[in-house]
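**Student:** Got a structure here, written out as structure tokens. Questions coming.
The values are calculated or read from the model by the stated rules, or taken from the named source; none is laboratory data. Since we're looking at a predicted model, the values are computed, not measured. When we count neighbours, we look across all protein chains shown, and the Cβ atoms used for this are built from the backbone with ideal geometry, even at glycine.
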Amino acid sequence: MKALKFLTAAAVAVAGFAGAAQSETIKVGLILPMTGPFASTGRAVESAAKLYMQQHGNKVGGHTIELVVQDDTGAADTTRRIAQEMVVRGGVKVLGGFGLTPLAMAAAPVAEQAKVPMVVMAAATSVITTKSQYIARTSFTLPQAAVGIAEWAPKNGIKSVVTMVSDYAPGIDAEKSFTEVFTRNGGKVVEQLRVPLANPDFSPFMQRVKDSGAGALFIFVPSGVGSAVMKEFQNRGLAEAGMKLIGTGDVVDDDILNQMGPAALGTVTSHHYSAAHDSAENKTFVSGYKALTGNRPNFMAVGGYDGMRLIYAAIEKAGGKVDGDSLIAAMKGMSWTSPRGPVSIDPETRDIVQNIYIRRVEKQDGELHNVEFDVIKDVKDPGKAKK
Ligand code: VNL
């Protein structure tokens, strides 16, 4: 042991003489909604990032990683102020987190001006990664997730749909891309409803859905809100009226799915992550996350876990350099096996390329799960092609 330590020290000294970068403490600053209505997203991303560090240690490429987490409470002006403080005074080398689209948009100019990489681990509107050359994403985009169910539904007896989305950027992304692909495949969208993001009351909207006589409701609500949707879907007797429930996977969040009860059974969604995904990597992830938090990881958690992985791998690949240009260059084209399946960072858009799975809520071993039954492989964000 002593000899080994001596050797390591000697190796570092030689590397130093050869002009290699000095060993540094690299601060990674996560900005997340840790309180407020979207605190579940902040907690999921933070826990998963910590799990990644627990499993992989805090030494990368000769450097020491230090994680700093700050709460923006879900307020965009706070996100921007924290981002500024972190890079100007806090010595943060990489920004991460970003629970919702308006929060990511507020921080983007800071990343751009400071030339600091910004890893979006949760927010999912297509346009975010176009706001700075320093942004990469490990979550997903709504167009990416929505296309799967938009293709599946018309082939499986669903011909007419009412769409219901939260009235802000990712909801509009989901509504547009679902409608476009569903219609192109012979489906008909009979009504488009937009529900306020803050304190939504779903009951009058559900009544309109019921009265529409459509075959299914397509829904997007952000992570954490699905239980309220399920409750109203049940209260208004929509399932009894023959209405199917489809959507992106945000509505059947794995961390709260079990509490949704029988109303959630049979819901078919398309998404990039299910806690029930059958792979060795996912089993390790799920059991580690459960041991750390007592709960199942959801799709927000996998975004945080892979976000840390991307940062670690970039630091390693950049060969000791820790400036923003070297790190973002290292992230481009990076590929790995995530708990969700194979993923890569598109070198042109810096957005994640990943499988989108079609899943149905089923009861297995007394618990509700999003059981994957079909897959569309290596999906790039379809939202980018049109811009
Ligand atoms: C966003 C998109 C947020 C999908 C979400 O949950 C979500 C966003 C907080 O981009 O604001 O599930």
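**Student:** State all residues of the range 79-120 that are of a type in the set (Gly, Ala, Ser) and either within 16 Å of the ligand (Cβ to nearest atom) or under 21 Å from the mean Cα position of the chain (by Cα) (or both); if no residue qualifies, say none.
**Tutor:** 83, 96, 97, 99, 104, 106, 107, 108, 111
**Student:** Taking the residues in the range 156-183 that are under 21 Å from the mean Cα position of the chain (by Cα) and polar (S, T, N, Q) as candidates, determine which candidate is farthest from residue 245 (Cα to Cα).
**Tutor:** Among them, the one singled out is 177.
**Student:** A follow-up question, please. Mind checking which pairs have a first residue in the range 258-280 that is under 15 Å from residue 223 (Cβ atoms) and a second that is assigned to a strand (DSSP E or B) and among the basic types (Lys, Arg), Cβ under 6 Å, 6 or more apart or different chains?
**Tutor:** Cβ pairs passing all conditions: 269/359; 274/359.
**Student:** Any residue in the range 189-201 that is within 16 Å of the ligand (Cβ to nearest atom), outside any loop (DSSP other than H, G, I, E, B) and farther than 13 Å from residue 245 by Cβ?
**Tutor:** Taking every residue of the range 189-201 in turn, at least one turns out to be within 16 Å of the ligand (Cβ to nearest atom), outside any loop (DSSP other than H, G, I, E, B) and farther than 13 Å from residue 245 by Cβ.
**Student:** Could I ask something else about it? Can you tell me which residues in the range 74-96 are in contact (Cβ under 8 Å) with a residue 24 or more places away in the chain and either in contact with a Phe, Trp or Tyr (Cβ under 6 Å, 6 or more places away or on another chain) or surrounded by 17 or more Cβ atoms within 10 Å (Cβ to Cβ) (or both)?
**Tutor:** Correct list: 74, 79, 80, 82, 83, 86, 87, 92, 93, 94, 95, 96.
**Student:** To continue, here is another question. When the range 280-313 is examined, which residues are found to be assigned to a helix (DSSP H, G or I), of a type in the set (Lys, Arg) and farther than 22 Å from residue 335 by Cα?
**Tutor:** Let us first name the residues in the range 280-313 that are assigned to a helix (DSSP H, G or I), namely 280-293, 299-313.
Then drop every residue that is not of a type in the set (Lys, Arg), which leaves 283, 290, 309.
Once the filter is applied, which keeps residues that are assigned to a helix (DSSP H, G or I), of a type in the set (Lys, Arg) and farther than 22 Å from residue 335 by Cα, the range 280-313 yields only 290.
**Student:** Write out, first by first residue and then by second, each pair whose Cβ atoms fall under 6 Å of each other, whose residues are 6+ apart or on separate chains, and whose first residue, in the range 210-227, is free of Cβ contacts under 8 Å to residues at least 60 places away in the same chain while the second is within 13 Å of the ligand (Cβ to nearest atom) and assigned to a loop (DSSP other than H, G, I, E, B).
**Tutor:** Within 6 Å, the pairs are 226/253; 227/256.
**Student:** Given the residues 344, 338, which is the only one that is out of contact with any strand residue (DSSP E or B) (no Cβ under 6 Å at 6 or more places or on another chain), of a type outside the set (A, V, I, L, M) and at pLDDT 95 or above?
**Tutor:** 338
**Student:** If you check residue 229 against the conditions, is it among the hydrophobic types (A, V, I, L, M, F, W, C), modelled with pLDDT of 95 or more and within 11 Å of the ligand (Cβ to nearest atom)?
**Tutor:** No; evaluated as a whole, the condition is false for this residue.
**Student:** Out of all the residues in the range 233-247, is one or more under 20 Å from the mean Cα position of the chain (by Cα) and either crowded, with 24+ Cβ neighbours inside 10 Å or of a type outside the set (S, T, N, Q) (or both)?
**Tutor:** Yes.
**Student:** Could you check the range 31-58 and list, in sequence order, the residues that are without any contact (Cβ under 8 Å) to a residue 60 or more places away in the chain, away from the ligand (no atom under 16 Å from the Cβ) and over 22 Å from residue 116 (Cβ atoms)?
**Tutor:** 57, the sole residue that qualifies.
**Student:** When residues of the range 325-378 are filtered for being surrounded by fewer than 16 Cβ atoms within 10 Å (Cβ to Cβ), among the basic types (Lys, Arg) and over 19 Å from the mean Cα position of the chain (by Cα), how many remain?
**Tutor:** Selection size over the range 325-378: 1.
So that you can scan it fast, the table gives a plain yes or no per residue for (1) near the ligand (Cβ under 10 Å from one of its atoms); (2) surrounded by fewer than 24 Cβ atoms within 10 Å (Cβ to Cβ); (3) modelled with pLDDT of 95 or more:
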site	(1), (2), (3)
122	yes, no, yes
128	yes, no, yes
135	no, no, yes
139	yes, no, yes
143	no, no, yes
155	no, yes, yes
167	no, yes, yes
170	yes, no, yes
175	no, yes, yes
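**Student:** Against the condition free of Cβ contacts under 8 Å to residues at least 60 places away in the same chain, among the hydrophobic types (A, V, I, L, M, F, W, C), under 18 Å from residue 376 (Cα atoms) and surrounded by 20 or more Cβ atoms within 10 Å (Cβ to Cβ), how does residue 182 come out, does it pass? Give the steps one after another, and end with the answer.
**Tutor:** Working: free of Cβ contacts under 8 Å to residues at least 60 places away in the same chain: yes; among the hydrophobic types (A, V, I, L, M, F, W, C): yes; under 18 Å from residue 376 (Cα atoms): yes; surrounded by 20 or more Cβ atoms within 10 Å (Cβ to Cβ): yes.
The answer is yes for residue 182.
**Student:** Between a residue in the range 146-173 that is in contact (Cβ under 8 Å) with a residue 40 or more places away in the chain and of a type in the set (Lys, Arg) and any residue that is away from the ligand (no atom under 15 Å from the Cβ) and assigned to a strand (DSSP E or B), which pairs come within a Cβ distance under 6 Å, given they are 6 or more apart or on different chains?
**Tutor:** Sorted first by the residue in the range 146-173, then by its partner, the list stays empty.
**Student:** To continue, here is another question. Being touching a Pro at 6+ places or on another chain (Cβ under 7 Å) and outside any loop (DSSP other than H, G, I, E, B) narrows it down to one of 41, 79, 64, so name that one.
**Tutor:** On the way: 79 fails: touching a Pro at 6+ places or on another chain (Cβ under 7 Å); 64 fails: touching a Pro at 6+ places or on another chain (Cβ under 7 Å).
After applying the criteria, what remains is 41.
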